[in-house]
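Trainee: Let me give you the structure first, and then I'll get to my questions.
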Amino acid sequence: MNKELIIRSGSSKVDFALLKDGKLIELHKEDNNSNQFNVGDIFLAKIRKTVPGLNAAFVNVGYEKDAFLHYHDLGPKVNSLLKFVKSVSTGKLKDFSLKNFPFEEEIDKDGSINDALKSNQSILVQIVKEPISTKGPRLSSELSIAGRFIVLVPFSDRVSISQKIEDKREKSRLKKLVHSIKPKGFGVIVRTVAEGKKVAELDKDMQNLLAKWTAMCKKLHKAEVPSTVLSEMDKASSILRDLFNDTFSAIHVDNKALYGDIKETMQRIAPKKESIVKLYNSDVPIFEKYGVERQIKSSFGKTVSSSKGTYLVIEHTEALHVIDVNSGNRSNKAKSQEETALEVNLIAATEVARQLRLRDMGGIIVVDFIDMSSAENRKKLFQRLKDEMDSDKAKHKILPPSKFGLVQITRQRVRPEMNIKTLEKNPNGPNGAEVEAPIVLIQKISSDLDRILTRGVKKVTLNVHPFIAAFLTQGFPSIRSKWFLEHKKWIKILPRDAYTYLEYHFYNDKGKRIK
């Protein structure tokens, strides 16, 4: 498995595409002029009002809408945090290490918001969910500062190890190491990438995080309320911090300044892999060169094609997302309908997992797989879906398929869903009419061609609109050439001026239309 990170830099935004074996699995955007309320940012904010009915408080962090802070997100040590913020803000406390800071009593886990917070009180809060739609940010006052190998948690003494580290000996080793370097008053969460690391690497990460904490505390004295006191690092650095591992084979960047920044980040987190960072310099746009643009066009529409004719239809409602799995009415060599359903469902499970990650879909997702009567086959589908989503960083839960073939998934929503317009102006339609991009239509044509050739048809002629004919035949290798390599049959393509943009038909050697 090879992973590549392709970075496209523009005047006002930077796009990050993560490829796994050449296939697009994640897409991130950093807009220099937009949202200043990113997950992980820490604010000195003011409680605007408490709402006992919700057991929560509305907080002014400087956003147009008040942020939301629930009682359960306060953290048990919120009284210690409030006392610390007040002491530092007034200049009475100048030692930020917490080793001599007396902690207050923990709050009751089933208590009331009015017992913990008061209106106009200043508090440190962290963004855990970005503003989405009409809602302001979601907050927590249980702060955490993420590093490469560990996460530092102020006002805590707990050490916890990532559940993805399964080796008990390794867990025990890491716990002992962290306890030996952990400062008093701070808890630590050990991340998955810390597996096998030496104490020197963990300590270096710890010192960097403590330096961030100290720099943040220095800002509190005489700081305006509300104001940002600690910002999450830039998108490139945060992606490398959270996603980078030994499976990365290349990082391609088309901007010299950004290239230098990423080289510097790699020197810090993985000096042995610094050589994989490459500056891209060509007249061909970087997303075109690595096939990202084409995958974006074909992956963000309502209908998404997959291998062997399988396709998904993705619908969005206010309450949930619905994904319908379709077999594409193809014929195959399976002995029974049950075998066909299993094959289609397993292919679809891989694509569903990719789509959730690619679009960053959150909340409730219901997937309507093709019905299977066999409990063993439903179990295979469930396991495939779990395996495919195992690498998803967002917290998620998957329920086993019901007898109706429905799978329910909940996935953590921390930022707005990635939506990309895939429709283009229809050259045959009235003003304002739109159709899907050519590559989406090509996928449908390819799927139909697969189905026709499996029937044993020897000669096939494709009649299409001249625009689509040009798209299929131009370039090297052309799409028609790829068809030839795959099927060992040359497909004759005839442009038809009378056809509409979306119209196409297949004919056999006798001129009879193939349905």
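The values are calculated or read from the model by the stated rules, or taken from the named source; none is laboratory data. On a predicted model such as this, the values are computed, not experimentally measured, just so you know. Cβ coordinates were reconstructed from backbone atoms using ideal geometry, including for glycine residues, and neighbour counts include every protein chain displayed. Heads up: the accessible areas ignore ligands, DNA and RNA and are worked out on the full protein's heavy atoms, side chains in. Shrake-Rupley method; radii C 1.70, N 1.55, O 1.52, S 1.80 Å.
Trainee: Taking the Cα centroid of the stretch 356-417 and of the stretch 1-77, what is the distance between the two, rounded to the nearest whole Å?
Mentor: 24 Å
Trainee: In the stretch 129-170, what percent of the accessible surface is made up of carbon and sulfur (1.4 Å probe, ligands and nucleic acids excluded)?
Mentor: On the stretch 129-170, the fraction of accessible area on carbon and sulfur atoms equals 42 percent.
Trainee: If you take the beta carbon distance between Ser227 and Ala375 as r and set R0 to 56 Å, what does 1/(1 + (r/R0)^6) give as a FRET efficiency, to the nearest 0.05?
Mentor: E between Ser227 and Ala375, to the nearest 0.05, is 0.45.
Trainee: Kindly work out what percent of the DSSP beta bridges joining two residues of the chain are antiparallel, to the nearest 5.
Mentor: Here the share of antiparallel DSSP bridges comes out near 75 percent.
Trainee: Rounded to whole Hz and in sequence order, give me ³J(HN,Hα) for the stretch 500-515 from the Karplus expression 6.51 cos²θ - 1.76 cosθ + 1.60, θ = phi - 60°, writing x for Gly and Pro.
Mentor: Taking θ as phi minus 60°, the curve returns 7, 4, 8, 8, 7, 9, 9, 10, 8, 5, 9, x, 8, 5, 9, 9 Hz for the stretch 500-515.
Trainee: If the chain between Tyr507 and Lys198 were fully stretched, how many nm would it gain, using 0.36 nm times the residue separation less the Cα-Cα distance?
Mentor: Stretched fully, the Tyr507-Lys198 segment lengthens by 104.6 nm.
Trainee: Another question about this same structure. Given R₀ = 35 Å, FRET efficiency for Glu64-Lys218 by Cβ-Cβ distance, to 0.05?
Mentor: On the way: r = 29 Å, r/R0 = 0.83.
Calculated value: 0.75.
Trainee: Can you tell me how the chain classifies by the Cα gyration tensor, rounded, prolate or oblate, using a/c under 1.5 as the rounded cut?
Mentor: Judged from the Cα gyration tensor, the chain comes out prolate (a/c at least 1.5, a/b above b/c).
Trainee: So what is the 222 nm mean residue ellipticity for the chain from helices alone, if each DSSP H run of at least 4 adds -39500 (n - 2.57) and you divide by all residues, rounding to the nearest 500 deg cm²/dmol?
Mentor: Taken over the chain, the calculation gives -9500 deg cm²/dmol.
Trainee: Still on this model: How much of the accessible area of the stretch 66-115, in percent, comes from carbon and sulfur atoms when a 1.4 Å probe is used? Kindly include the intermediate steps, with their values, before the conclusion.
Mentor: Working: 1310 of 2810 Å².
Carbon and sulfur: 47 percent of the exposed surface of the stretch 66-115.
Trainee: If you don't mind, there's one more thing I want to ask. What residues qualify as long-range amide H neighbours of Ala394, i.e. H under 5 Å apart, gap of 5 or more or another chain, H built at 1.01 Å from N?
Mentor: Under 5 Å from the amide H of Ala394: no residue qualifies.
Trainee: Another question, if that's okay. Scan around Leu93 for amide H atoms under 5 Å from its own, H built in the peptide plane at 1.01 Å from N, and keep only partners 5 or more places away or cross-chain.
Mentor: Val88
Trainee: Using a probe of 1.4 angstrom, how much of the accessible area of the stretch 196-312 is carbon and sulfur, in percent?
Mentor: Reported share for carbon and sulfur atoms: 48 percent.
Trainee: Considering only DSSP states other than H, G, I, E and B, which trypsin sites (Lys or Arg not before Pro) in the stretch 195-261 qualify as loop sites with at most 10 other Cβ atoms within 10 Å? Please report the intermediate quantities before stating the final value.
Mentor: Details: sites: Lys197, Lys198, Lys204, Lys212, Lys218, Lys219, Lys222, Lys235, Arg241, Lys256; in loops: Lys197, Lys198, Lys222.
Sites meeting the loop and neighbour criteria: Lys198, Lys222.
Trainee: Apply the Karplus parameterisation 6.51 cos²θ - 1.76 cosθ + 1.60, with θ equal to phi minus 60°, to every residue of the stretch 152-160 and state each ³J(HN,Hα) to the nearest whole Hz, in sequence, with x for glycine and proline.
Mentor: 8, 10, x, 6, 8, 10, 7, 10, 10
Trainee: Do any trypsin sites (Lys or Arg not before Pro) in the stretch 52-113 lie in a loop, going by DSSP, with at most 16 other beta-carbon atoms within 10 Å of their beta carbon, and if so which?
Mentor: Loop-located and lightly packed - Lys65, Lys92, Lys94, Lys99, Lys109.
Trainee: At 1.4 Å probe size, put Glu376, Glu224, Glu315 in order of accessible surface, largest to smallest.
Mentor: Glu224, Glu376, Glu315
Trainee: List residues of the stretch 220-238, by number, whose backbone nitrogen lies under 14 Å from a label position 7 Å along Cα→C-beta of Gln36.
Mentor: 224-232
Trainee: With helices defined as uninterrupted DSSP H runs, which ones in the chain have an alpha carbon span along their own long axis of at least 15 Å and mean Kyte-Doolittle hydropathy of at least 0.0?
Mentor: Both cut-offs are met by 78-89, 438-453.
Trainee: Return the whole-Å distance between the Cα centroid of the stretch 130-177 and the Cα centroid of the stretch 486-502.
Mentor: When both Cα centres are located, 55 Å separates them.
Trainee: Relative contact order (percent) for the stretch 10-71, with alpha-carbon contacts under 8 angstrom and 6 or more residues of separation?
Mentor: This gives 19 percent for the stretch 10-71.
Trainee: If each residue of separation counts as 0.36 nm, what is the full-extension length gain between Gln408 and Ser275 once their alpha-carbon separation is subtracted?
Mentor: The Gln408-Ser275 span can extend by a further 43.6 nm.
Trainee: While we're here: What distance in nm lies between label points placed 7 Å from Cα along the C-beta direction at Asp390 and Thr473?
Mentor: Label-label distance for Asp390 and Thr473, simple model: 4.8 nm.
Trainee: Follow-up question, since we're still on this one. Could you provide, to the nearest whole Å², the per residue accessible area of the chain with probe 1.4 Å?
Mentor: Details: 27120 Å² over 515 residues.
Accessible area per residue: 53 Å².
Trainee: Sorted by accessible area (1.4 Å probe), largest first, how do Arg268, Arg138 line up?
Mentor: Sorted by accessible area, descending: Arg268, Arg138.
Trainee: Something else now. For the chain, what does the relative contact order come out to in percent, with C-alpha contacts under 8 Å and a separation of six or more?
Mentor: 12 percent
Trainee: When only the heavy atoms of the protein chains count and the probe is 1.4 Å, how do Trp483, Trp490 rank by accessible area, highest first?
Mentor: On the way: Trp483 10, Trp490 140 Å².
Descending accessible area places them as Trp490, Trp483.
Trainee: Quick one: compute the contact order of the stretch 79-135, relative version, from alpha carbon pairs under 8 angstrom and 6+ residues apart, as a percent.
Mentor: Taking the mean separation of contacting Cα pairs over the length of the stretch 79-135, I get 50 percent.
Trainee: Take the Cβ-Cβ distance between Glu104 and Val51 as r, set R0 to 25 Å, and report the resulting FRET efficiency rounded to the nearest 0.05.
Mentor: Working: r = 24 Å, r/R0 = 0.95.
Using R0 = 25 Å, I get an efficiency of 0.55.
Trainee: On a C-alpha basis, how far is the centre of the stretch 249-290 from the centre of the stretch 212-248 in Å? Whole number, if you could?
Mentor: Value for the Cα centre distance between the two parts: 22 Å.
Trainee: What full-extension length gain, to one decimal in nm, is calculated for Phe484 and Asp497 as 0.36 nm per residue of separation minus the Cα-Cα distance?
Mentor: On the way: separation 13, 0.36 × 13 = 4.68 nm, distance 2.51 nm.
Gain in length upon complete extension: 2.2 nm.
Trainee: Using the structure shown, select from Lys278/Lys308; Lys289/Lys393; Lys175/Lys235; Lys164/Lys444; Lys109/Lys403; Lys83/Lys204 the pairs with a Cα to Cα distance greater than 32 angstrom. Intermediate results must be reported in sequence, preceding the final value.
Mentor: On the way: Lys278/Lys308 35 Å; Lys289/Lys393 28 Å; Lys175/Lys235 30 Å; Lys164/Lys444 39 Å; Lys109/Lys403 39 Å; Lys83/Lys204 29 Å.
Over 32 Å apart, Cα to Cα: Lys278/Lys308; Lys164/Lys444; Lys109/Lys403.
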